[in-house]
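The values are calculated or read from the model by the stated rules, or taken from the named source; none is laboratory data. This is a predicted model, so every value here is computed, not measured. Note that each Cβ is placed from the backbone with ideal geometry, even for glycine, and that neighbours are counted across all protein chains shown. Side chains are part of the model used for accessible areas, which takes the heavy atoms of the whole protein and leaves out ligands, DNA and RNA. Shrake-Rupley method; radii C 1.70, N 1.55, O 1.52, S 1.80 Å.
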Amino acid sequence: MNRRTLLGAAALPLAAALPARAADDWDAVAAHYDVTRDVIQLEHGNWGLMPRPVLAEYRAQLDRVNRETSFYARRTMPGDIAAARARLAAAMGVGVDEIAFTRNATEALKTLILGYNRLRPGDGVLMADLDYDSMQACVAALASRRGVTVAKIALPEPATYQGLIDAYAAAFDANPRLRMVLLTHVSHRTGLVLPVAEIARMARARGIDAIVDAAHGVGQIDVTLPALEADFIGINVHKWLGAPLGVGALYIKRGRVADIDPDPAEPADAPLAIHTRVHTGTVDFAAQLTVPAALDFQQAIGGAAREARLRLLRDRWVDRVRDLPGIQVLTPPDPRLHCAITSFRLTGRTTRAENMALARTLLDQHRIFTVHRDGLASGSCVRVTPALMTRLDEVDTLADALRTISRA
């Protein structure tokens, strides 16, 4: 697949076209997605829609696995899975020995957090209010499993680049026995992009390992895993990279595998290798085999062009509502601290019930589908998540709806 076949012969090469002046190109990209237009779908954060070529490949792989069953699975499929993993490793900028398939980022991060074996009784671990709920639960479980002290901070709001770094520096100073910190690259609650590399470097200088949740970062932001400067990372492949549901990945930097316990389901003599750190059993093999097709599609678009388009969609509606009385945009304007996802609330309306009602109003009265998010120290909010198939007029409709709501 190349840009010509992706966009059509009449389209400009996407990597050379600025999204703001090449709407026809993005219409051509959107045409590859069979997304419902019954509503304006601005909740693409749950998982990513497969474009038509990827869906066709998934169906073909599913048909093959179903048709040939063990005759394929026990003979040539392991090599095909290994090739798919190698493609993902190359796209992520890491060695094939540093990455393993999981079913999602949650499974990858659970493996890393609960398996991190450098903790001793009395050591400390740190998390933040914007971290994913399941990952917070795993960190909290280390108190009983490893005998450590668990600390939690609320990230500053409004956030600034230096303010976020300072917040972690203060937490490191306040907890001198910290040995591990959970960092979320892009928050699923607000879309806040954390300066992960800077914080991870600061942590390493103090003898603290960072475990990074990049579930929403990879693919939304044009980044490779080494750029995050952390030795332990969990990612999703079925969110912003558009692979079938049920594909994530675990990254452990070369030389650090021994610091993560083998999965209990592995034999006692399991080799010192990343694949022994996670044991999933039988999975959707067809989904993993489709990863190369998903990467082909995304690489035909180009990471920088994809990120620029997502930023355009986000900035288009945010710039029109940020100064409206009664609308509080939670995600900072600093482009280093956001990409596609942004959350908002009505000023002073911080309860879960109020934000659920706001999401219902957007759907019932304006045909706009969003989702409320809880867990922030400051209260609940409504999350807006556009994607590549989102049209400019759809985010314009959101801005118009919020203008109407703010006057009510």
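So the values come out like this:
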read-out: Qualifying residues in the range 277-318 (those that are among the β-branched types (Val, Ile, Thr) and touching a helix residue (DSSP H, G or I) at 6+ places or on another chain (Cβ under 8 Å)) - the one nearest to Leu112 (Cα to Cα); value: Val278
read-out: Residue within the range 327-349 that is acidic (Asp, Glu) and at pLDDT below 95 present; value: no
read-out: Near pairs, Cβ below 8 angstrom, 6+ apart or cross-chain, from the range 186-204 (on the phi < 0 side of the Ramachandran plot) to any residue that is modelled with pLDDT under 95 and among the acidic types (Asp, Glu); value: none
read-out: Count - residues of the range 162-193 that are among the hydroxyl-bearing types (Ser, Thr, Tyr) and in contact with an Asp or Glu (Cβ under 6 Å, 6 or more places away or on another chain); value: 1
read-out: Some residue of the range 87-105 being within 30 Å of Asp173 (Cα to Cα), open to solvent by 30 Å² or more (accessible area, probe 1.4 Å) and either at pLDDT below 95 or not in a strand (DSSP E or B) (or both); value: no
read-out: Criterion: touching a helix residue (DSSP H, G or I) at 6+ places or on another chain (Cβ under 9 Å), crowded, with 22+ Cβ neighbours inside 10 Å and among the hydrophobic types (A, V, I, L, M, F, W, C) - qualifying residue of Leu241, Leu245, Leu272; value: Leu241
read-out: Cross-chain or 6+ apart pairs with Cβ under 6 Å, the range 351-368 first and assigned to a helix (DSSP H, G or I) and of a type outside the set (Ser, Thr, Tyr), then modelled with pLDDT of 95 or more and exposed (fewer than 14 other Cβ atoms within 10 Å of the Cβ); value: Arg352/Asp374
read-out: Residue within the range 308-326 that is in a loop (DSSP other than H, G, I, E, B), open to solvent by 20 Å² or more (accessible area, probe 1.4 Å), modelled with pLDDT of 95 or more and closer than 24 Å to Trp240 by Cα present; value: no
read-out: Residue satisfying all of: in the range 282-307; of a type in the set (Gly, Ala, Ser), outside any loop (DSSP other than H, G, I, E, B) and under 19 Å from the mean Cα position of the chain (by Cα); farthest from Pro158 (Cα to Cα) among these; value: Ala287
